[in-house]
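> One structure, as structure tokens, below. Some questions next.
Computed from the coordinates by the stated procedures, all read-outs in this text should not be read as laboratory data. Note that the structure is a prediction, hence the values are computed from the model and not measured. Using ideal geometry, Cβ is built from the backbone for each residue, glycine included, and neighbour counts are taken over all protein chains shown.
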Amino acid sequence: MKKELVEKINRLKQEKKAVILAHCYQRPEIDEVADFVGDSLFLSRKAAETDCEIIIFAGVYFMAETAKILSPNKKVLLPNLSAGCLMADMINLEKIRLFKSKHPGIPVVCYINSTAEVKTECDICATSANAVNIVKSLNSDKVLFVPDRNLGSYVQSKLKDVEVINYDGCCPIHNNLTENDIILAKKDNQKAKVLVHPECSKNVLDLADFIGSTTGIMNYVKNSDEKEYIIVTEIGVTQRLRRDYPNKKFIHISNKAICESMKLITLEDIYNSLINETFEINVPDNIIKSAYKPIERMINLN
């Protein structure tokens, strides 16, 4: 049944000139129909480079919005409208304007994991991979960082001459992981390298052998001769690493590190999305224009 569904989806996407994007936190079987797998901005940029007419984003709402911002003339579909992001929901237009009003005249760095509306109020975007370099590039002694306080604090630890003023938001999945989770994982896996996503708290980051984005963690494993790893991020990364490197051992940090929202989209959802061209993500032209500027500024610096 699954094989038939995969074949139907692959046939349909050819007929409809569609491209399917899968974030690394998605169910691993989604990769079987995906044209690109990776972090959210990477996916949106790859889709923009293609001549496709339809973008199916197996991810969450803000990711589909970003794809629309970078490909305004393409139809962007999110197979399940319930797929949202708890961190992105912690800030909105009213809240970011209030935050800015309390710290006037300070440049605003916006984590890519945010809505299109929030991006319109920011000077430049950043990813978990480039946040340190982006903040450094502003040559400002103070910056506002939204919405992830943990990523902002990580940036602060790397840039001693910059005061990073963080909005009080976070990814609950990463934020709920503790140093005790790592200590317990290490107990039976003393030789394992601890690979941590910077959305985790400082106490967790302090125990890391490597801190990096989703792609950064996966590339670390790819380029390392080590055989054992404790993966301190969402379970989708651990699942893909186990699949791709069967001769290495991967310890998933905790059952707490599962984003239920990222697991909502199924192969059936993708099939239905292709058939019915649902659910389309539309972003008003004025928001696309304003939200594109901080993304473009970031891209031009890389």
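> Given a Förster radius of 25 Å and the C-beta distance between LYS17 and SER82 as r, what FRET efficiency does 1/(1 + (r/R0)^6) yield to the nearest 0.05?
0.40
> If you count the DSSP beta bridges with both ends in the chain, what percent of them are antiparallel, to the nearest 5?
So the antiparallel bridges in the chain amount to around 5 percent.
> What three numbers, in Å, describe the spread of the alpha carbons of the stretch 183-302 along their principal axes, ordered from the longest?
53, 38, 26
> If R₀ is 51 angstrom, what is the calculated FRET efficiency for the pair LYS3 and LYS160, using the beta carbon separation as r and rounding to 0.05?
0.40
> With respect to the cross-link table entries LYS46/LYS263; LYS74/LYS142; LYS158/LYS263; LYS46/LYS222, which display a Cα-Cα separation exceeding 28 Å?
Going by Cα-Cα distance, LYS74/LYS142; LYS158/LYS263 fall outside the 28 Å limit.
> Also: Restricting attention to the chain, give the cysteines that have no other cysteine Cβ less than 4.7 angstrom from their Cβ.
Among the cysteines of the chain, those whose Cβ sits 4.7 Å or more from every other are CYS24, CYS52, CYS85, CYS125, CYS170, CYS171, CYS200, CYS259.
> Next question, about the same structure. Can you compute the FRET efficiency between ASP285 and LYS227 using 1/(1 + (r/R0)^6), with r the Cβ-Cβ distance and R0 = 41 Å? Round to the nearest 0.05.
Working from the Cβ atoms, E equals 0.20.
> Could you work out [θ]222 nm for the chain from helices alone, using -39500 (n - 2.57) per DSSP H run of at least four and dividing by all its residues? Round to the nearest 500 deg cm²/dmol.
Computed mean residue ellipticity for the chain: -12000 deg cm²/dmol.
> Name the most mobile residue of SER153, SER128, SER101, meaning the one with the largest mean-square fluctuation, in a Gaussian network model of the chain with Cα contacts below 10 Å.
Answer for the Gaussian network model of the chain: SER101.
> Shifting gears a bit: Where the only charges are on Cβ atoms (+1 Lys, Arg; -1 Asp, Glu), what is the dipole of the chain about its Cα centre, to the nearest 20 debye?
It comes to approximately 380 debye.
> Apply the membrane-span-like helix rule to the chain: whole DSSP H runs, Cα extent along the own long axis of at least 18 Å, mean Kyte-Doolittle hydropathy at least -1.0. List the helices found.
285-301
> Let me ask you something else. Per residue, how big is the convex hull around the C-alpha atoms of the chain? Give it to me in cubic angstrom, could you?
129 Å³
> Let me ask you something else. Pick out which of GLU15, GLU260, GLU53 has the largest mean-square fluctuation in a Gaussian network model of the chain, springs linking Cα atoms closer than 10 Å.
Its mean-square fluctuation being the largest, the pick is GLU15.
> Counting only C-alpha contacts under 8 Å and six or more residues apart, can you give the relative contact order of the chain as a whole percent?
Computed value for the chain: 22 percent relative contact order.
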